[in-house]
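K.L.:
Here you go, one structure.
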Amino acid sequence: MGRKLLTEHINVEGINTFDVYRKHGGYRSVEKALKTMTPDEVTEEVKKSGLRGRGGAGFPAGMKWGFLAKPEGVPRYLVCNADESEPGTFKDRQLMTKLPHLLIEGMITGSYALGARTSYIYIRGELLYVLRILEKAIAEAYAAGFLGENILGSGYSLDLHVHPGGGAYICGEETALLESLEGKRGNPRNKPPFPAVQGLYARPTVVNNVETIAAVPVIVNEGGDEYAKIGIGKSTGTKLISACGHLNKPGIYEIELGLPVEEFIYSDEYCGGIWKGRDLKAVVAGGSSVPILPKELILKTAAGENRLMTYESLSDGGFVTGTMLGSGGFIAMDETTCIVKNTWNFSRFYHHESCGQCSPCREGTGWMEKVLHRLEHGHGSMHDIDLLVSVAKQIEGNTICPLGEAAAWPVAAAVRHFRHEFEWHVTNPKEATAPGAAYRGAAVLA
Amino acid sequence: MEPTTSPNKLQFSPAGQAEIKRLLTHYPEDRSKSALLPILHIAQAEFGGWVSPEVQDLVAETLKIKPIEVYEVSSFYTMFNLKPVGKHVLEICRTGPCMLRGSDELTANLERITGAKVGGTSPDGNFTLKEVECLAACGFAPVVQVREKYYEQLDTPEAVDAMLNELRGQIHRPILSWEESSSLPNSLKNN
């Protein structure tokens, strides 16, 4: 049984209220940081912890904090990215609903480290009901003296606000999020300048995912070195995995990084195996943007080693035989799943969510959706399969933000590992388009 | 506490106006445009579940920005309905994880039961069906969002019936949920 650093008290009755949260050790990191540590010492602990961005990119959080420009007399901001919308990912919603004070505590301690006097939680607009939960908890924190002027008599003051989006996946990209927070369309910005230099209102800004910020209290309380003892190598600490699809027990699991994928899928402590007694066909391990892997390659690397839930192990083999941990959105597909249909579905998503700024993404996602629709409905040709790969290649690396890659990778990987299934849709259209039809042949492993 | 909809001049309800005033304190004074998305949510809730050009003009006026600055934003974000809708807008998630657990079947069933087609409204005006992308509830698929509520695990006829019956029983009025917001003055909570 792994340690639970974030969710230990998640099922305690009333843990969403200040009093109960405080009784279970809540807000200790604020006291410790503001009374006994300098802001730089807090940042140093986060660096030592090895904590990596939990939104998907996995960039070292302490290093990101270290990049923040601190010109004299210019306000700077900490913005929490709660725009959770990567298909397969639903951990932040749960965390904020059940443990709103954990995020608020992390925001206070983090804002202190960065020298922010006003901070924002940008939450996706669909979660207005979670916004109300957070606002209620923030009001409690103000009343208890953990927010507002001169927190705990330390001389440090902070205002914290929650801001809703309006329904746009692209606002999970940090510069699109900042545009949106400024009341504009969510068009990602060209970089440089990076938000660390010119972010919200052109001022130095750090944007961190909910789960990243929620890990700050435990790092400050226990020390970065202690945190780094959990996990393997550069994958330190715990990670929330959102498990969905054809599993017996879908849900949110906090795991110690390093857990074998096979144990995560089949153990009763976690997902409890594949539903309806069926066999596993494929997994998208880190949210819809990461390459899909067939069963054989998600359980073991191409070299035959057990695949582990770490940034490194999941990306072992690069994009030829590996994938990414991403946001931890773990989508399992059973043997009856049609990979062509699923790929078409994801392509439709990216086409719908492309902001339209860059031609390769705006046009390319549309073409991929159309070609996949053709193939899925039995009107495709062999040439279409190569066309898909070619379009995906031309999007990749040619856009302002990573939505281009996010749209291209799943298509390229699906064709790489399930090419026979795409070909079967061309050669046997009648069979392939029958209701519930799914190709049962072998996947391409290398 | 209803918003005013006299033919000449739209106005937010007093509760809505109070909430807007509170929101504006969240941003630097010269950056009040930041409040655009939150105010559009209020506008949509107060004026019948959609934002007409007139309502968007009211939002522009409230923020002292050009109407085009509101139009370009309202048309970018999928939550804002730019056409009239029925009493309840059912936003059905259609993305991968929900599809794997039966969202296609759910959509077909909702079309059959309500008589509405996706993108349209049922003949009785009760339900508008809208397909949306991932709602971040994939472990509880398939999922439908109606205003501020998520209906989850809608993979049985019973679950779908329960949702529709609950909605049919609701008397339609503008949902002013910010009235319950804890940070509002007490005087507004009891209206």
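The values are calculated or read from the model by the stated rules, or taken from the named source; none is laboratory data. No experiment lies behind these values; they were computed from the predicted model shown. With ideal geometry, Cβ positions are generated from the backbone for all residues, glycine too; neighbour counts draw on all protein chains shown.
K.L.:
All but one of (1) touching a residue at least 40 places away in the same chain (Cβ under 8 Å); (2) more than 20 Å from B:PRO142 (Cα to Cα) hold for A:ILE252; which doesn't?
P.N.:
Tallying (1) touching a residue at least 40 places away in the same chain (Cβ under 8 Å); (2) more than 20 Å from B:PRO142 (Cα to Cα), A:ILE252 fails exactly one: (2).
K.L.:
Can you name the residue in segment A:134-181 that is β-branched (Val, Ile, Thr), more than 20 Å from A:PRO402 (Cα to Cα) and at the interface with chain B (Cβ under 10 Å from one of its Cβ atoms) and, of all such residues, is surrounded by the most Cβ atoms within 10 Å (Cβ to Cβ)? Full working, then the answer.
P.N.:
At the first step, the residues of segment A:134-181 found to be β-branched (Val, Ile, Thr) are A:138, A:151, A:162, A:170, A:175.
If we keep only those that are more than 20 Å from A:PRO402 (Cα to Cα) as well, we get A:138, A:151, A:162.
Of the ones still in play, those that are also at the interface with chain B (Cβ under 10 Å from one of its Cβ atoms) are A:138, A:162.
On the way: A:ILE138: 24, A:VAL162: 26.
Filtering first and then ranking leaves A:VAL162.
K.L.:
Looking at B:ALA35, B:ALA15 in this structure, which one is assigned to a helix (DSSP H, G or I), more than 10 Å from every other protein chain (Cβ to nearest Cβ) and under 23 Å from A:GLU126 (Cα atoms)?
P.N.:
On the way: B:ALA35 fails: more than 10 Å from every other protein chain (Cβ to nearest Cβ).
One residue alone meets the criteria, B:ALA15.
K.L.:
Which one is nearest to the chain's Cα centre (by Cα), of the residues in segment A:231-251 that are surrounded by fewer than 20 Cβ atoms within 10 Å (Cβ to Cβ) and not polar (S, T, N, Q)?
P.N.:
Residue satisfying both the conditions and the ranking: A:GLY251.
K.L.:
Would you mind finding the one in A:GLY56, A:GLY50, A:GLY2, A:GLY62 that is surrounded by 18 or more Cβ atoms within 10 Å (Cβ to Cβ) and modelled with pLDDT under 95?
P.N.:
A:GLY56
K.L.:
Moving to a separate point now. Restricting to segment A:303-346, give me the number of residues that are among the basic types (Lys, Arg) and within 14 Å of chain B (Cβ to nearest Cβ).
P.N.:
1
K.L.:
Based on this model, can you work out whether B:SER122 counts as surrounded by 20 or more Cβ atoms within 10 Å (Cβ to Cβ), more than 29 Å from A:SER242 (Cβ to Cβ) and within 13 Å of chain A (Cβ to nearest Cβ)?
P.N.:
No.
K.L.:
If you don't mind, another one. Of all residues in segment A:207-230 being charged (D, E, K, R) and touching a residue at least 60 places away in the same chain (Cβ under 8 Å), which is surrounded by the most Cβ atoms within 10 Å (Cβ to Cβ)?
P.N.:
Kept after step one, since they are charged (D, E, K, R), are these residues of segment A:207-230: A:211, A:222, A:225-226, A:229.
From the residues that got through so far, the ones that are touching a residue at least 60 places away in the same chain (Cβ under 8 Å) too are A:211, A:225.
Numbers: A:GLU211: 28, A:ASP225: 12.
Among those that are charged (D, E, K, R) and touching a residue at least 60 places away in the same chain (Cβ under 8 Å), it is A:GLU211.
K.L.:
Another question, then. Six or more apart or on different chains, Cβ under 7 Å: which pairs go from a residue in segment B:10-30 that's buried (at least 17 other Cβ atoms within 10 Å of the Cβ) to one that's of a type in the set (Asp, Glu)? Could you list them?
P.N.:
As it stands, the answer is B:LEU10/B:GLU54; B:PHE12/B:GLU46; B:SER13/B:GLU2; B:SER13/B:GLU46; B:ALA15/B:GLU179; B:GLY16/B:GLU46, since those pairs meet every condition given.
K.L.:
Separate question: Which of (1) touching a residue at least 40 places away in the same chain (Cβ under 8 Å); (2) of a type outside the set (A, V, I, L, M); (3) more than 10 Å from chain A (Cβ to nearest Cβ); (4) assigned to a loop (DSSP other than H, G, I, E, B) is the odd one out, the single condition B:PHE80 does not satisfy?
P.N.:
Here B:PHE80 meets the rest and fails (3).
K.L.:
Select, from B:LEU129, B:LEU176, B:LEU188, the only residue that is at pLDDT 95 or above and among the hydrophobic types (A, V, I, L, M, F, W, C).
P.N.:
Of B:LEU129, B:LEU176, B:LEU188, the one residue that is at pLDDT 95 or above and among the hydrophobic types (A, V, I, L, M, F, W, C) is B:LEU129.
K.L.:
What residue, among those in segment A:266-289 that are assigned to a helix (DSSP H, G or I) and in contact (Cβ under 8 Å) with a residue 24 or more places away in the chain, is nearest to the other protein chains (Cβ to nearest Cβ)?
P.N.:
If we filter segment A:266-289 for residues that are assigned to a helix (DSSP H, G or I), which is where we start, we get A:266, A:275-277.
Those still in the list that are in contact (Cβ under 8 Å) with a residue 24 or more places away in the chain too: A:275-276.
On the way: A:TRP275: 9, A:LYS276: 12 Å.
The extreme case among them is A:TRP275.
K.L.:
Separate question: So which residues in segment B:134-149 are in contact (Cβ under 8 Å) with a residue 24 or more places away in the chain and under 15 Å from the mean Cα position of the chain (by Cα), if there are any at all?
P.N.:
Within segment B:134-149, B:LEU135, B:VAL144, B:GLN145, B:VAL146, B:ARG147, B:GLU148 meet the criteria.
K.L.:
Looking at A:THR89, A:THR118 in this structure, which one is within 21 Å of A:SER180 (Cβ to Cβ), within 13 Å of chain B (Cβ to nearest Cβ) and surrounded by fewer than 24 Cβ atoms within 10 Å (Cβ to Cβ)?
P.N.:
Details: A:THR89 fails: surrounded by fewer than 24 Cβ atoms within 10 Å (Cβ to Cβ).
Checking each option against the conditions leaves just A:THR118.
K.L.:
While we're here: Suppose we keep only residues that are charged (D, E, K, R) and over 20 Å from A:ALA442 (Cβ atoms) within segment A:243-265. Which one would you say is nearest to the other protein chains (Cβ to nearest Cβ)?
P.N.:
Step by step, filter segment A:243-265, then rank; the result is A:LYS249.
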